[in-house]
1. Be a star and scan the range 1-20 for residues whose amide nitrogen sits under 18 Å from the point 7 Å along the Cα-to-Cβ vector of A81.
2. Between (1) 129; (2) 98; (3) 84, which matches volume of the Cα convex hull per residue in Å³ calculated for the structure shown?
3. Between M42 and A72, 0.36 nm times their residue separation minus their Cα-Cα distance comes to what?
4. Report the charge-dipole magnitude of the chain in Debye, nearest 20, computed about the Cα centre from +1 at each Lys and Arg Cβ and -1 at each Asp and Glu Cβ.
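Bear in mind these aren't lab numbers, they're just calculated from the coordinates by the rules spelled out. For clarity, every value in this text was computed on a predicted model and none was experimentally measured. Neighbour counts are summed over all protein chains in view; Cβ atoms, including those assigned to glycine, are modelled from backbone coordinates with ideal geometry.
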Amino acid sequence: MSQENAETIALTCLAWLVGDEDLLPVFQNASGASAEDLRQRMGEPGFLASVLEFLTMDDAWVIRCCDANGLAYEQPMMALAMLQGESRTHWT
């Protein structure tokens, strides 16, 4: 997966998240991101990675987002790995 493709997937997931009136406040509370932050930082790979980190915390969210956007279920995690690069934390 290319960096550009990963960013496109993350932006697609962010757009889906912004459109979900129940889940968006959960993300904003967890991340501390305001509506202005969403607009200003959506071009930053690190911020996009944080969106994908949040989304991939729950399989149901991944499924809903991917189904709504025609993405394969593994694409958000693959995009996250690309955006995090070598800085990715491995817990195992």
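1. Counting only backbone N, you get 1-10.
2. Working out volume of the Cα convex hull per residue in Å³ from the coordinates points to (2).
3. Details: separation 30, 0.36 × 30 = 10.80 nm, distance 2.20 nm.
Working it through step by step, the gained length comes to 8.6 nm.
4. 120
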